[in-house]
Every structure is written in C-alpha cells, then in structure tokens.
Amino acid sequence: MYPRLMCRPGGIQVQLTILLVLAGAVWDVRAQQTTLPNAPNSVKFGVIGDSGTGDQEQFDAAEEMAKVRATFAFDRVIMLGDNIYGGQGPKDLVNKFAKPYKTLLDAGVKFYASLGNHDDPANRAYPLWNMGGDRYYSFSTQNVRFFALDSSQLDDKQLAWLEDSLTNAREEWKICYFHHPLYSNGGRHGSSVDLRVVLEPLFVAHGVNVVFAGHDHIYERLTPQKGIYYFVEGSSGQLRKGDTKRSSTTAASFDSDLSFMLVEIAGNNMTFQAISRKGQVVDSGTIRAQQ
C-alpha cells in the first residue's frame, strides 16, 4: 500500500477525481479544501525554507506563522536551508533569524535547521537551530522520525549514517529534509538529479514517506515519485515570482508571494497546508502513511 492523498490546490474550484498510476500504485486525488484536524495529541510542525533575508517580507511571513499558531499550536519548525543570506555573523543570526521569529521562539517553538549553499557550516553550532554542532542529524517525536541532511556535502560518511539511521528507525513516519530538491520544476534550479541518483534508492528501500527541500524560491508539491511525496518550500524569505515551469510532475504550485507550511500527523494520516505571507491557504491535503 502507498500513501493516499486528498488535496485542493489553491484557487481550483472544480471537483475532480484523477487516477494516477505510478510505480505500480493507483493514486486517488480529489480536489477539495482540507482543514488541519488540530487533534490534541498530534505531531504539529511548521516548514520554512530559504528564509533568512532579514527583509520586511520575512518578518511578515513570520508574523503570519505566529498568528496561525494561536489556534494551531505547533511546537517545532524544520528549516530547509539558506537560513541566513549575506553576512553570517552573530548580528546576522539575530537580525535574520532571532528577531523575525522572536514571537515563536518566546513561545517555546524549537527550530531544527538543515544547511543550504548560502549557509556558513560553522552556524550548525548556533543553539537556536538545535543541530548540536552536526551537519546532519536525526530526531523523533511520537511516531515520526526526522532526518536532516546536508545536501551541499553529501559524502560517503553521511550516506552511511543515513542508511544506518533509516534501517534502525522504528517510527511509522520517516521524513527527510534538506536544501537541494530531488524533484523541482523551478526555472532557476530545478531537480538535483545527481543527488536523486544517490538518495532516492535509499529513500525507496527504507520506506521514507515524505521529503521536504528548498533552493528554488517557490512552493511546489510534486506528484508522488516511486511512492514518496516531495515538497519544495523555498519561498519563506526569498521569492522568484512566476518561476514555476509546471510539468506533468507538478501537483500544485504557488509562486506569487512568500509562503510556509503547516503539517499535522495523527496516527497514519499527515495533513498539510501551504500558507501565503498574507494568510491564504494555497494548497492543502492529507496523505496516508505507507502500510
């Protein structure tokens, strides 16, 4: 069995049912509005990528995240790299991270960063990123295990660690996140095929459910690839307006404003929303875990 997705891309008004046959599996996709369940004991987290500009737009998106948290109390945020642009010193970490997300940090929300090509690797020791000084690491909560990778330096040591960690993970949900997308229809960068050749076989062999990446400054949800759902969220601080070059692998996209994601996992269901800087839900859906 593979994940089942029920979703409504933002702005689509018609109802439709599409059967997609991918890798021998049948996918049932229905366009509809999906609301986060907001269950009391579920795993709730945010997703941001390419965020660290220090510009007003980043502050606006962060403010919207804090506003949403008043009713959807996520306790962590995963960061998809390029967490800081330009200068990388202590003042930059304050102005481009600690200040924009102060409301969330003060509320006890923990951020778990991965490194992008614009990040200084030394900042993996920054306490508020909870990386423990490591370029790649894993953590878990309830039935979900996260794997933060360094896609800028994917060496043999990291791959061996990843395979061992995936093999030993006992959680129902395995979520990987990093900077460079294995699949993307962003016009500036697009898919990192060299990384895909190396990482995708491990993801497939070890039952990875969902993969988040950034790098392209858009939001995109890809059609399932070999039983895995891929998201690009690289527009939480930077935007390339109109940069999505939609193809048959584009399930939904948004590239007219900054955005972030909210995700909730309850049992074997993962519900997600992509939300614009101005609070518009631009994509949403529910994924059922692989059996």
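Readers should treat all values here as calculations from the given coordinates under stated rules, not as data from a laboratory. None of these values were measured; they are calculated from a predicted model. Note that we place each Cβ from the backbone using ideal geometry, even for glycine, and neighbour counts take in every protein chain shown.
Quick notes on this one:
- The number of residues in the range 215-253 that are closer than 30 Å to Pro100 by Cβ and in a loop (DSSP other than H, G, I, E, B) comes to 15.
- There is at least one residue in the range 141-155 that is more than 17 Å from the chain's Cα centre (by Cα), crowded, with 19+ Cβ neighbours inside 10 Å and farther than 24 Å from Gly46 by Cα.
- Ser253 being touching a residue at least 40 places away in the same chain (Cβ under 8 Å), of a type in the set (S, T, N, Q) and either in contact with a strand residue (DSSP E or B) (Cβ under 8 Å, 6 or more places away or on another chain) or surrounded by fewer than 21 Cβ atoms within 10 Å (Cβ to Cβ) (or both): yes
- If only residues of the range 81-116 that are touching a His at 6+ places or on another chain (Cβ under 7 Å) and of a type in the set (Ser, Thr, Tyr) are counted, the one that is nearest to Ser235 (Cα to Cα) is Tyr85.
- Filtered residues of the range 48-103 (kept if touching a helix residue (DSSP H, G or I) at 6+ places or on another chain (Cβ under 9 Å), under 16 Å from Pro127 (Cα atoms) and of a type in the set (A, V, I, L, M)): Val77, Met79, Ile84, Leu93, Ala98
- The set of residues in the range 274-291 being out of contact with any helix residue (DSSP H, G or I) (no Cβ under 9 Å at 6 or more places or on another chain) and either under 16 Å from His217 (Cβ atoms) or part of a strand (DSSP E or B) (or both) consists of Ala274, Val281, Val282, Asp283, Ser284, Gly285, Thr286, Ile287, Arg288.
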